[in-house]
């Protein structure tokens, strides 16, 4: 039985075992699947879906098995049409933009922003205060650390075989983006690479190899062009 929320939208559907904290507001046509936990002060806007169970294709590389409940920390905002899958945890103060999606077994830290229409695929971890802008694709099996910035339309990948051969199953891995790194608009990150701490990837770059910490990379393929300016480093903010 759900606890009583403070604001009920039209056509709100709450599944069995849903727990709703104090001062939660719901828009119209929200669906909350079984066992989902919604922290105090969250705002769930029109048409959002929480705790969705994935429907996997037979050839999907996503893991199978039981999933824990979806959990939203206090003060989260789930905007219009956004979807959070079962098995995912959002830290306090996260914001998902309109029509954003976060798949199963993801963990988002405090005050993470996922922009409008962006997708975070399964088994991905995102650190505190990271900002992901509009239209970004975050592939499965990625790690993004604290205070990273991912500009609009960035694309990430995790499969060098693009669906061919059984060998790929053991090698699938998304990029790792270390603390404070910035990735410019429209950049492409190839599978398994590492973007070093405070590295800067210029707009439109295609990153095929690891990017060292505190370096600026540009081009196709991306190459080191200089050091990141000292006044841009987090320690100097």
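The numbers here are math on the coordinates, done by the rules we state, and not lab data. Owing to the predicted nature of the structure, the values given are computational and were not obtained by experimental measurement. With ideal geometry, Cβ positions are generated from the backbone for all residues, glycine too; neighbour counts draw on all protein chains shown.
Filtered by the rule that a residue be touching a residue at least 40 places away in the same chain (Cβ under 8 Å) and under 18 Å from residue 191 (Cβ atoms), the stretch 140-155 gives a lone residue, 140. Each residue in the stretch 140-155 was checked for being assigned to a loop (DSSP other than H, G, I, E, B) and within 15 Å of residue 197 (Cα to Cα), and 4 pass.
Could you tell me whether the stretch 223-232 includes any residue that is in a helix (DSSP H, G or I), under 19 Å from residue 129 (Cα atoms) and in contact (Cβ under 8 Å) with a residue 60 or more places away in the chain? The answer is no, given that none of the residues of the stretch 223-232 is in a helix (DSSP H, G or I), under 19 Å from residue 129 (Cα atoms) and in contact (Cβ under 8 Å) with a residue 60 or more places away in the chain.
The residues of the stretch 97-106 that are in contact with a strand residue (DSSP E or B) (Cβ under 9 Å, 6 or more places away or on another chain) and farther than 18 Å from residue 53 by Cβ, listed by number, are 97, 99, 100. Within the set 180, 135, 163, the sole residue that is assigned to a loop (DSSP other than H, G, I, E, B), more than 12 Å from the chain's Cα centre (by Cα) and under 29 Å from residue 227 (Cα atoms) turns out to be 180. Within the option set 67, 56, 50, being without any contact (Cβ under 8 Å) to a residue 60 or more places away in the chain, in a strand (DSSP E or B) and under 22 Å from residue 125 (Cβ atoms) holds for one residue only, 50. Taken over the stretch 49-84, residues that are under 21 Å from residue 115 (Cα atoms) and over 16 Å from the mean Cα position of the chain (by Cα) amount to 3. Within the stretch 140-153, one or more residues are farther than 17 Å from residue 99 by Cβ and touching a helix residue (DSSP H, G or I) at 6+ places or on another chain (Cβ under 9 Å).
Only residues that are in a loop (DSSP other than H, G, I, E, B), under 13 Å from residue 42 (Cα atoms) and in contact with a strand residue (DSSP E or B) (Cβ under 8 Å, 6 or more places away or on another chain) were counted across the stretch 71-85, and they come to 3.
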